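Visitor: Let me give you the structure first, and then I'll get to my questions.
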Amino acid sequence: MIDVKKVAEQIELLLRKHSIKLGESSDLLRMLVLAKQVQRKYIGCSFTMLEWFRLLQFRRISSAVILLESDRNPSRYLRAITRGSLNLFSKQRSLAKDTLWELELWAMLKRKLASTYLLDPPDVMIEYADARLGVSCKKIYSEAHVQNIMSEAVGQIKSSCEVGVVALNLDSLIPEDTVLKAPTFESAREILNEAMGKFLEKHERHIKKYFVRENLLAILVTMSPVADITNSRGRFNVVTQSRIWTMPQCKARHELHYRRFRDHIETVGSA
């Protein structure tokens with residue numbers, strides 16, 4: 001388990017270094033305060049369920065934010081992550097949540113490939129010796145405007161590189177204040193994989209046209225809810241599952257790019 005108190009102190013130092021102050025109502029500030037109390041609270045076993053969930057969210061957020069120490073322009077992202085709600089149980093739209101998804105995907109890829117960096121547009125750029133692959137990250141708050149979101153994402157890719165991936169986070173499609181319940185981690189991931197499959201099937205018509213017209217390599221969909229794993233000793237966890245969707249002709253045309261990207265994504269279920 002990570003030392004959340006130490007991580008909280010590192011994030012506070014990073015914020016001070018870039019002259020970023022957190023308001024009293026900041027979700028990030030509340031998480032930092034709670035994380036620094038962990039050792040004292042463990043002794044008294046005095047965590048409430050809400051505090052446990054906030055700690056789980058803090059661990060998720062901090063694993064991405066802490067990597068900004070190595071970024072070329074961390075101030076922009078640190079400021080953005082403080083703007084608006086970071087309550088991942090809520091459907092409330094915010095710049096902070098949009099930015100968190102960019103940082104999470106960047107961190108996931110960067111841990112596999114050092115030559116991955118934040119760049120707007122698209123959002124994340126993967127630099128290979130012979131090519132660049134752009135990733136546009138979009139958080140879906142409602143299924144009503146998926147076509148518009150896809151159009152914007154593809155536009156970001158076109159303006160910055162020859163081929164790219166649209167990465168969609170579906171966490172906000174989960175009902176508010178909901179904890180996924182499953183007996184095992186494997187069964188939890190199966191539930192998420194099925195939900196993502198239904199999303200892709202529902203919007204396949206809108207998605208396909210961008211593969212025909214544009215240099216779109218794949219769609220990545222990801223969900224990372226808090227889950228109650230009933231057969232696990234540590235029952236409450238953040239469970240992440242991702243799924244890649246592409247068309248056969250696109251996969252064939254960009255086979256090397258597709259294989260590289262697939263291999264860099266953790267916990268992938270291929271469609």
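Visitor: Of all residues in the range 4-18, count the ones that are in contact (Cβ under 8 Å) with a residue 24 or more places away in the chain, assigned to a helix (DSSP H, G or I) and not β-branched (V, I, T).
Guide: So the count comes out to 6.
Visitor: Please go through the range 55-86 and give me each residue that is assigned to a loop (DSSP other than H, G, I, E, B) and in contact with a Ser or Thr (Cβ under 9 Å, 6 or more places away or on another chain), ordered by number.
Guide: Correct list: T82, R83, G84, S85, L86.
Visitor: Can you find a residue that is at pLDDT below 95 and surrounded by fewer than 18 Cβ atoms within 10 Å (Cβ to Cβ) anywhere in the range 185-195?
Guide: So far as the range 185-195 goes, no, none of its residues is at pLDDT below 95 and surrounded by fewer than 18 Cβ atoms within 10 Å (Cβ to Cβ).
Visitor: Does T240 satisfy being surrounded by 20 or more Cβ atoms within 10 Å (Cβ to Cβ), closer than 30 Å to F53 by Cα and touching a Ser or Thr at 6+ places or on another chain (Cβ under 7 Å)? First the steps, then the outcome.
Guide: Details: surrounded by 20 or more Cβ atoms within 10 Å (Cβ to Cβ): no; closer than 30 Å to F53 by Cα: yes; touching a Ser or Thr at 6+ places or on another chain (Cβ under 7 Å): yes.
For T240, the condition - surrounded by 20 or more Cβ atoms within 10 Å (Cβ to Cβ), closer than 30 Å to F53 by Cα and touching a Ser or Thr at 6+ places or on another chain (Cβ under 7 Å) - is not met.
Visitor: Mind telling me which of the residues W52, W101 ends up being touching a Ser or Thr at 6+ places or on another chain (Cβ under 9 Å) and in a helix (DSSP H, G or I)?
Guide: W101
Visitor: As an exercise: evaluate K209 against (1) part of a helix (DSSP H, G or I); (2) at pLDDT 95 or above; (3) out of contact with any Ser or Thr (no Cβ under 8 Å at 6 or more places or on another chain) and give the number of the one condition it does not meet.
Guide: Among (1) part of a helix (DSSP H, G or I); (2) at pLDDT 95 or above; (3) out of contact with any Ser or Thr (no Cβ under 8 Å at 6 or more places or on another chain), K209 violates only (2).
Residue-wise test of (1) touching a strand residue (DSSP E or B) at 6+ places or on another chain (Cβ under 8 Å); (2) surrounded by fewer than 21 Cβ atoms within 10 Å (Cβ to Cβ); (3) modelled with pLDDT of 95 or more; (4) in the same structural domain as L170 (by TED's automatic domain parsing).
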residue	(1), (2), (3), (4)
E214	no, yes, no, yes
L217	yes, no, no, yes
I229	yes, yes, yes, yes
R253	no, yes, no, yes
L256	no, yes, no, yes
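Visitor: Criterion first (hydrophobic (A, V, I, L, M, F, W, C) and assigned by TED's automatic domain parsing to the domain that holds V226) does L67 satisfy it?
Guide: It is false that L67 is hydrophobic (A, V, I, L, M, F, W, C) and assigned by TED's automatic domain parsing to the domain that holds V226.
Visitor: Looking at this structure, is L119 more than 14 Å from the chain's Cα centre (by Cα), farther than 21 Å from T240 by Cα, surrounded by 20 or more Cβ atoms within 10 Å (Cβ to Cβ) and not basic (K, R)? Give the steps one after another, and end with the answer.
Guide: Values: more than 14 Å from the chain's Cα centre (by Cα): yes; farther than 21 Å from T240 by Cα: yes; surrounded by 20 or more Cβ atoms within 10 Å (Cβ to Cβ): no; not basic (K, R): yes.
Criteria not met by L119.
Visitor: On to the next question. Test of understanding: among V33, V65, V7, which residue is touching a Leu at 6+ places or on another chain (Cβ under 7 Å) and aliphatic (A, V, I, L, M)?
Guide: Within the list V33, V65, V7, the selection yields V65.
Visitor: Return the total of residues in the range 147-166 being of a type in the set (G, A, S) and touching a Ser or Thr at 6+ places or on another chain (Cβ under 7 Å).
Guide: Step one: list which residues in the range 147-166 are of a type in the set (G, A, S), which gives 151, 153, 155, 159-160, 164.
With the extra rule that they be touching a Ser or Thr at 6+ places or on another chain (Cβ under 7 Å), the set shrinks to 153, 164.
Residues that pass the stated criteria total 2.
Visitor: Determine which single condition S94 fails, assuming it passes every other condition in (1) in the same structural domain as I20 (by TED's automatic domain parsing); (2) over 18 Å from T116 (Cα atoms); (3) of a type outside the set (K, R); (4) modelled with pLDDT of 95 or more.
Guide: So S94 meets the others, but not (1).
The values are calculated or read from the model by the stated rules, or taken from the named source; none is laboratory data. Because the structure is predicted, anything quoted here is derived from the model rather than measured. Cβ atoms come from the backbone with ideal geometry, glycine included; neighbour counts cover every protein chain shown.
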